[in-house]
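Taking it in order: structure first as structure tokens, then the write-up.
Every read-out reported here was derived from the displayed coordinates using simple, explicitly stated rules and does not represent laboratory data. Every value quoted in this text rests on a predicted model; they were computed, and no experiment measured them. Cβ sites come from the backbone with ideal geometry, for glycine too, and all protein chains shown count toward neighbours.
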Amino acid sequence: MSNWSELVTIRRLVRALLKDRLRVDGRDSFQFLGSASFTLSEDYPDSATIKVFKNGTLLTTGYSYNASTNILTITSLLSTNDIILITYSFYDKYSDAELTDYIESSFLYFSQFGYRKTFKLNDARTAILSIDNVNPTARECYEISIITAILIDPQNIEIRTKDFTVTAMEKESKNELISRALNQFTVWYGEFSFDEDLRQDVN
């Protein structure tokens, strides 16, 4: 991975932690009867993998996909009864937009737990920067991914590496898991300056 701070990389890490696997068997078939807009049957397609065929011929242009509505629209000329086949890969659990929102929410915990850097998304919402526009390190990006995964599904998180272990316990709150993850991160990376009052305010 050449650039850890790119959101596409962070989302891939979060999906791995949440076991949100990419499936490659997305396939929808439609007959054109007047409307050139088609809703995909799976909720979380990977838009980069979409292929559109008209009567068996691959279209390289002449269509658009709206991730917000999950609708693909053919903009090239269609005739009644044309058969449209759309193939794609998709995720089981989360859309890219959902994960991006959770990633952005994770930055709050670094600030509230007193980490020495403040993170933000760049203007295009494609990468993470620190407040001085310096890319976070690979380890910081990995920690952002861990905190994001805990925010999404705190009761099913399990992370075990040689130097780092976070496993959800039955009565452990989301805040307690995040606290433990950030404390272990200090062993990995450096000093946090914790403020007890701030720690109690984290929801």
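If the label point is 7 Å along Cα→Cβ of residue 35, which residues in the stretch 77-118 have backbone nitrogen under 20 Å from it?
77-87
Can you compute the modelled spin-label distance between residue 81 and residue 58, with each label point 7 Å from Cα toward Cβ, in nm?
For the pair residue 81/residue 58, the computed spacing is 2.8 nm.
Go through the stretch 57-62 residue by residue and turn each phi into a ³J(HN,Hα) via Karplus (6.51, -1.76, 1.60, θ = phi - 60°); whole Hz please, and just put x for glycine and proline.
9, 5, 8, 9, 9, x
Using θ = phi - 60° and the Karplus relation 6.51 cos²θ - 1.76 cosθ + 1.60, list the HN-Hα couplings for the stretch 4-20 in order, rounded to whole Hz, with x at every Gly or Pro.
Working through the residues one at a time gives 5, 7, 5, 4, 4, 6, 4, 4, 4, 5, 4, 4, 5, 5, 8, 6, 8 Hz.
Rounded to the nearest 0.05, what FRET efficiency do residue 12 and residue 105 give with R0 = 25 Å and r taken as the Cβ-Cβ distance? Could you check? Before the final figure, lay out the partial values.
Working: r = 18 Å, r/R0 = 0.73.
That pair, residue 12 with residue 105, gives E of 0.85.
Output ³J(HN,Hα) for the stretch 68-85: one whole-Hz value per residue in order, computed from phi by the Karplus curve 6.51 cos²θ - 1.76 cosθ + 1.60 with θ = phi - 60°, and x for Gly and Pro.
Values, residue by residue: 5, 9, 6, 10, 9, 10, 7, 9, 7, 5, 10, 10, 3, 6, 4, 9, 10, 10 Hz.
Which of the pairs 120/174; 51/120; 19/51; 93/117; 51/93 have their Cα atoms more than 27 Å apart in this structure? Working shown, then result.
On the way: 120/174 22 Å; 51/120 34 Å; 19/51 25 Å; 93/117 31 Å; 51/93 22 Å.
Going by Cα-Cα distance, 51/120; 93/117 fall outside the 27 Å limit.
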